[in-house]
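The values are calculated or read from the model by the stated rules, or taken from the named source; none is laboratory data. No experiment lies behind these values; they were computed from the predicted model shown. A quick note on method: Cβ atoms are made from the backbone with ideal geometry, for glycine too, and the neighbour counts reach across all protein chains shown.
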There are 2 protein chains.
Amino acid sequence: MTDNIRLADYLFTRLRQLGVGSIFGVPGDYNLRLLDYVVPAGLHWVGNCNELNAAYAADGYSRINGLSALITTFGVGELSAANGIAGAYAERSPVIHIVGTPPRPLQSSRALMHHTFSDGEYGRFAAMSIHITAAQTKLSDSHTAPDKIDWILQQALIHSRPVYLELPDDMPGILVSAANLKAPLAVLKVPSPVHEPQVLSRILERVYSAKQPLILVDGESVALGILDQLDTLIKSTNWPTWTSVYGKGLVNESYDNVYGLYAAGFGDQPAKEYFESADLILTFGPHYSDTNTYFWTTVPKDAAAITFKDSTIQIDSDVYRDISPADVLTQLLQTLDSSRIIKPTGPPKQEVTTSDIKDTDIIAQNNFYRLVNPIFREGDIILAETGTASYGGRSFKLPPKARFFSAVTWLSIGFMLPCTLGTALAKREQNQASGASNQTTLIIGDGSLQMTAQEISVMIKEKLNILIIIINNEGYTIERVIHGRKQPYNDVPFWRHTQALSYFGADEEHVAQNTFTAKTCGELREVLKNERVHSGQGVRIVEVIMDREDAQGPLLYLLNKQKAEEQKGSLPG
Amino acid sequence: MTDNIRLADYLFTRLRQLGVGSIFGVPGDYNLRLLDYVVPAGLHWVGNCNELNAAYAADGYSRINGLSALITTFGVGELSAANGIAGAYAERSPVIHIVGTPPRPLQSSRALMHHTFSDGEYGRFAAMSIHITAAQTKLSDSHTAPDKIDWILQQALIHSRPVYLELPDDMPGILVSAANLKAPLAVLKVPSPVHEPQVLSRILERVYSAKQPLILVDGESVALGILDQLDTLIKSTNWPTWTSVYGKGLVNESYDNVYGLYAAGFGDQPAKEYFESADLILTFGPHYSDTNTYFWTTVPKDAAAITFKDSTIQIDSDVYRDISPADVLTQLLQTLDSSRIIKPTGPPKQEVTTSDIKDTDIIAQNNFYRLVNPIFREGDIILAETGTASYGGRSFKLPPKARFFSAVTWLSIGFMLPCTLGTALAKREQNQASGASNQTTLIIGDGSLQMTAQEISVMIKEKLNILIIIINNEGYTIERVIHGRKQPYNDVPFWRHTQALSYFGADEEHVAQNTFTAKTCGELREVLKNERVHSGQGVRIVEVIMDREDAQGPLLYLLNKQKAEEQKGSLPG
């Protein structure tokens, strides 16, 4: 390594060191010079169809890879990505958003350039980013640039949230010191607080005295970096274990003691009874949004809970701050005497069967997910877009090492399709060493699909093995159940979904062999048996037709509530 | 009119009074109750495919109609629209952005709702809007809501820029006072300043003494509300008249004294000589961004210019503030003695001919626009998307009352397609009284098209008469000429554009009869002769194939500069 290095090479070397293999984004005239360095740095450039799609894809990539990068251009590009960055903030994906800004001389002379408001102001969009990123920095000179880059990357990793980096268009080629690069970027560990032994002993005391314990894994466990320890804890205690929606896919659902999703009154009654009378709920990475907690009905009571958060552990109502949950969990596992803990009898497990589903049945929310479930294999990725799919997908029994993504908090419809692209790409890169191959399956409604459909063309270009199952129910059924179930504003334009692969540029032969439709359960069974569907190459599309008002779970509850209000005359029909 | 009215009805009544006929947007669970009132209020609801497209469409509608409205949902919806709102700010489209926010009880209890960061904060996205809108307000109670609505609408009209209105989801049905509605919403006129007579006499003096005068109409003349007066001025003086890119389509190009676009060194030499030696340049609605002024080469010298801006008039280097340019212009027209002004001989006009174009020629930037030009008719709308099209389109000779939209300052690629939808819809509403019919023609590159292509399905659903000419040059040619002309990052995925109408849901018969391609000028001539193309119904698509590096004007200059740098070895090839 030489003593000096070009700025862009510095940045991209750091990203490579941190395991980033691909960068997402859209070219624009203030980032083109930066893009020159992407491929020479050994990174793959994914040119997305637009910046929102690029941000969504970067978020997805980060959820599998642990970090991702997005490059947009000043103003027009970065603002288009804003909603995607905000979603990454809400659901804790570390994405480094690199914005190519006008060259420094133009900024300091307040030139009336395009992609500005033609008023000499250059700080506006960076000011907006403060609200949706964990940290922001602006590169301005060769002296400070390397440290600023290191700092912003550390912030992304510490907070597990997006960060914002301004890189003026005249800077990618300038020389900076390469000294920092000799050591990998370190995120310093927090020192153990003096109260740590007390916390550990209080936890152990509760663990040994628990009569009806359980483990609850929520999604921020990823940000806590404790997934391996959790796996050990779940195996070594053998305690009944549930996840939230957000936590689904983070624990091995093939273990006998793992029950999958806990849904309180929207799930099965024995699980609810066990959960609500538990005297210890070891809770990891809590994220208590309405959607993730079934309107807060799945949140453990303080009296039962020991909760591991970012830098706090809460026992009963005592909050211990400045503590590393990962360290405490490690010590707990080292100290734990398994002979001293109870072997509770968990509630009975619900058996899932498809034998009651007749081939002549029309495809519906209450049969579709059970029929699809068997195609998933170890290590696959399954994504269920916000809408009916996100509720239905929660019932999947996942194979080991599968990851699952669904509606947690941000719930931006359209997100899941580009997210699918990002996750599939990250998984393929992970599999490169082992030579393994995995499928990525997206289940998405027609309303969501229309938001970001063009990104299918990038999936095709990237030759990713992605199965897209489109639920065609003629519009936003999730909105229909909330309000306006007969209102035309919840409809969407008619599209011919089976023509998507052809329009978006797949080979003609591929199109003919990889496009499917199903209206009945028998047809769906046939389609799912097809090897091209469950184990195929490239992008495949299955369109399934469902009823406009077909919904399950909380959505069915909302629909019935709406119908009752209509009958009372308090709502338009 | 009753004394009380529901809040949503109040808002929509005001919008109707101000000439808004359609509302753009996307349903979301915090705006559904508001959407219930749209159609009953006599407004047309345009459900767009996503919020960015909706914002772009609202911007386009406003450019024809003078005001538009956009409804999105909190967080996910409004942030997706941010780039479109920013563009409306940059190019002065008054768009009222109505955001359906969570119900007041949820906000005040800081509930951890979806579409938030699950942290109790509800002010973040409104804080972001401050940077990209001219005014912001939040409805919070029935007492103040009517006045707040009136105020925010006034701000949109005064500034001719977007504004931001938060409307909690529990408020559309509450009763508010209807008293304000008895009078139309008035935007107060500014009083004449004491220096107005001095300004007028200085202007008259210069007008009477000018030896080589000209009129320059720039795009902010729309915001100044002076288009009718300008038409009178251009006719009554008969002085040579040019426009900027932004001003193109605001003056009648069929007048003998109107020369069309002034492009300084990028246009014809006689015009440049006349312009640069002029002793009086009456300049209206200036907007001096790099793109709109050919890198500031078309900006008049202070010594020659009298410049009418928002609330100032500048004569030489004296700036008169707090003055109404419209009032002064009106007085000028009333006072002007035509016998006292010079009848200058303008420069010769360039004749445009297509006789040199052979049928066997491939379609190229230097022949395409001349071949297309004859299909435009009085009152049509022509849009040339950022990229090669925006430069080529500047050479069109427009028929009377035609409007033209092209790259001015914001230059967000993908904008022009949804903008086309908005302009076409506004024009159709304008034509309803007269029964007239007009075509809207979009010329767009394949790179831009991929950003927002799904909005074609809304054009189809709305049964608009839109001709889309897609320039297929396999990527972002405008980026290629700026930098990286051979770089793969400037390529885009391959799409089958001739399948767009079918994929996006047009009737099968319509698809077959309204999809065209052309590679040679002869083929293009044939296509353009087809009545379905120049005067058809619904959406029609013409794909033309051009070379990847085919560019003209400033783009050709940039391309040649890049090639020269490559030869010097200062750039990668």
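Please list, ordered by residue number, the strands (runs of 3 or more DSSP E) wholly in the stretch B:220-287 having 1 or more residues that are under 21 Å from B:ILE382 (Cα atoms) and out of contact with any Lys or Arg (no Cβ under 9 Å at 6 or more places or on another chain). In the stretch B:220-287, the matching strands (runs of 3 or more DSSP E) lie at B:241-243, B:258-261.
One residue stands out in the stretch B:434-450 among those that are more than 16 Å from B:VAL539 (Cα to Cα) and of a type outside the set (Asp, Glu): the one that is nearest to the other protein chains (Cβ to nearest Cβ), namely B:GLN450.
Please go through the stretch B:547-572 and pick out each residue that is in contact with an Asp or Glu (Cβ under 8 Å, 6 or more places away or on another chain) and in a helix (DSSP H, G or I).
If we filter the stretch B:547-572 for residues that are in contact with an Asp or Glu (Cβ under 8 Å, 6 or more places away or on another chain), which is where we start, we get B:548, B:559, B:571-572.
Correct list: B:LEU559 only.
Of all residues in the stretch B:491-515, those satisfying the criterion of being farther than 18 Å from A:PHE504 by Cα, more than 10 Å from chain A (Cβ to nearest Cβ) and out of contact with any Gly (no Cβ under 9 Å at 6 or more places or on another chain) are B:GLU509, B:ALA512.
The rows are residues; the columns are (1) buried (at least 22 other Cβ atoms within 10 Å of the Cβ); (2) at the interface with chain A (Cβ under 8 Å from one of its Cβ atoms); (3) in contact (Cβ under 8 Å) with a residue 24 or more places away in the chain; (4) under 21 Å from B:ASP36 (Cα atoms).
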residue	(1), (2), (3), (4)
B:ILE71	yes, no, yes, yes
B:GLU78	yes, no, yes, yes
B:ALA88	yes, no, yes, no
B:ILE96	yes, no, yes, yes
B:VAL99	yes, no, yes, yes
B:SER109	no, no, no, no
B:ALA127	no, yes, no, no
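At pLDDT 95 or above, under 21 Å from B:GLN454 (Cα atoms), touching a strand residue (DSSP E or B) at 6+ places or on another chain (Cβ under 7 Å) and within 14 Å of chain B (Cβ to nearest Cβ), is that true of A:ILE471? It is false that A:ILE471 is at pLDDT 95 or above, under 21 Å from B:GLN454 (Cα atoms), touching a strand residue (DSSP E or B) at 6+ places or on another chain (Cβ under 7 Å) and within 14 Å of chain B (Cβ to nearest Cβ). Tell me yes or no: at least one residue of the stretch B:522-534 is surrounded by fewer than 18 Cβ atoms within 10 Å (Cβ to Cβ) and within 26 Å of the chain's Cα centre (by Cα). Taking every residue of the stretch B:522-534 in turn, none turns out to be surrounded by fewer than 18 Cβ atoms within 10 Å (Cβ to Cβ) and within 26 Å of the chain's Cα centre (by Cα).
Restricting the stretch B:129-152 to residues that are polar (S, T, N, Q) and within 14 Å of chain A (Cβ to nearest Cβ), which is farthest from A:ARG124 (Cα to Cα)? Out of the qualifying residues, it is B:GLN136.
Within the stretch B:44-64, one or more residues are within 28 Å of A:ARG485 (Cα to Cα) and surrounded by fewer than 22 Cβ atoms within 10 Å (Cβ to Cβ). Is one or more of the residues making up the stretch A:130-147 surrounded by fewer than 24 Cβ atoms within 10 Å (Cβ to Cβ), under 23 Å from A:ILE23 (Cα atoms) and of a type in the set (Asp, Glu)? Within the stretch A:130-147, one or more residues are surrounded by fewer than 24 Cβ atoms within 10 Å (Cβ to Cβ), under 23 Å from A:ILE23 (Cα atoms) and of a type in the set (Asp, Glu). Close contacts from the stretch B:277-292, counting a first residue that is within 13 Å of chain A (Cβ to nearest Cβ) and in contact (Cβ under 8 Å) with a residue 40 or more places away in the chain and a second that is surrounded by fewer than 23 Cβ atoms within 10 Å (Cβ to Cβ) and part of a strand (DSSP E or B), with Cβ to Cβ under 7 Å and a gap of 6+ residues or different chains, come to B:PRO286/B:THR307.
Scanning the stretch B:470-487 finds no residues that are in contact with a Phe, Trp or Tyr (Cβ under 6 Å, 6 or more places away or on another chain) and either touching a residue at least 60 places away in the same chain (Cβ under 8 Å) or surrounded by fewer than 24 Cβ atoms within 10 Å (Cβ to Cβ) (or both). Here the condition is being more than 19 Å from A:VAL533 (Cα to Cα), crowded, with 23+ Cβ neighbours inside 10 Å, in contact (Cβ under 8 Å) with a residue 40 or more places away in the chain and more than 13 Å from chain B (Cβ to nearest Cβ); of A:ALA426, A:ALA407, A:ALA453, it holds for A:ALA426 alone.
On the basis of being in a strand (DSSP E or B), touching a helix residue (DSSP H, G or I) at 6+ places or on another chain (Cβ under 8 Å) and closer than 24 Å to B:ASP29 by Cα, does A:LEU449 make the cut? Spelling it out, it is not the case that A:LEU449 is in a strand (DSSP E or B), touching a helix residue (DSSP H, G or I) at 6+ places or on another chain (Cβ under 8 Å) and closer than 24 Å to B:ASP29 by Cα.
Residues being in contact with a helix residue (DSSP H, G or I) (Cβ under 8 Å, 6 or more places away or on another chain), at pLDDT 95 or above, part of a loop (DSSP other than H, G, I, E, B) and within 14 Å of another protein chain (Cβ to nearest Cβ) are represented in the stretch A:8-26 by at least one member.
So that you can scan it fast, the table gives a plain yes or no per residue for (1) crowded, with 21+ Cβ neighbours inside 10 Å; (2) outside the structural domain of A:ALA407 (by the TED database); (3) touching a Gly at 6+ places or on another chain (Cβ under 8 Å); (4) not hydrophobic (A, V, I, L, M, F, W, C):
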| site | (1), (2), (3), (4) |
| --- | --- |
| A:VAL217 | yes, yes, yes, no |
| A:ASP231 | no, yes, no, yes |
| A:ASN238 | no, yes, no, yes |
| A:TYR262 | yes, yes, no, yes |
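Looking across the stretch B:295-304, just one residue is touching a residue at least 60 places away in the same chain (Cβ under 8 Å) and surrounded by fewer than 20 Cβ atoms within 10 Å (Cβ to Cβ), and that is B:PHE295. Among the conditions (1) under 26 Å from A:GLY66 (Cβ atoms); (2) modelled with pLDDT under 95, A:SER338 misses just one, which is (1). Residues in the stretch A:27-40 that are under 28 Å from the mean Cα position of the chain (by Cα) and either over 14 Å from B:PRO488 (Cβ atoms) or not in a loop (DSSP other than H, G, I, E, B) (or both): A:GLY28, A:ASN31, A:LEU34, A:LEU35.
Considering B:GLY475, B:GLY447, B:GLY422, the condition of being of a type outside the set (Ser, Thr, Tyr) and at positive phi is satisfied by B:GLY475 alone. Per the conditions (1) without any contact (Cβ under 8 Å) to a residue 24 or more places away in the chain; (2) more than 12 Å from chain B (Cβ to nearest Cβ); (3) not hydrophobic (A, V, I, L, M, F, W, C), the sole criterion not satisfied by A:ARG104 is (1). Among the residues of the stretch A:157-216, the ones that are closer than 28 Å to A:ARG63 by Cα and assigned to a strand (DSSP E or B) come to 8 in all.
Within the stretch B:366-375, is there a residue that is among the hydroxyl-bearing types (Ser, Thr, Tyr), within 23 Å of B:ASP547 (Cβ to Cβ), outside the structural domain of B:GLN269 (by the TED database) and part of a helix (DSSP H, G or I)? There is at least one residue in the stretch B:366-375 that is among the hydroxyl-bearing types (Ser, Thr, Tyr), within 23 Å of B:ASP547 (Cβ to Cβ), outside the structural domain of B:GLN269 (by the TED database) and part of a helix (DSSP H, G or I). So, A:VAL544, is that one part of a helix (DSSP H, G or I) and under 23 Å from A:ARG394 (Cβ atoms) or not? For A:VAL544, the condition - part of a helix (DSSP H, G or I) and under 23 Å from A:ARG394 (Cβ atoms) - is not met.
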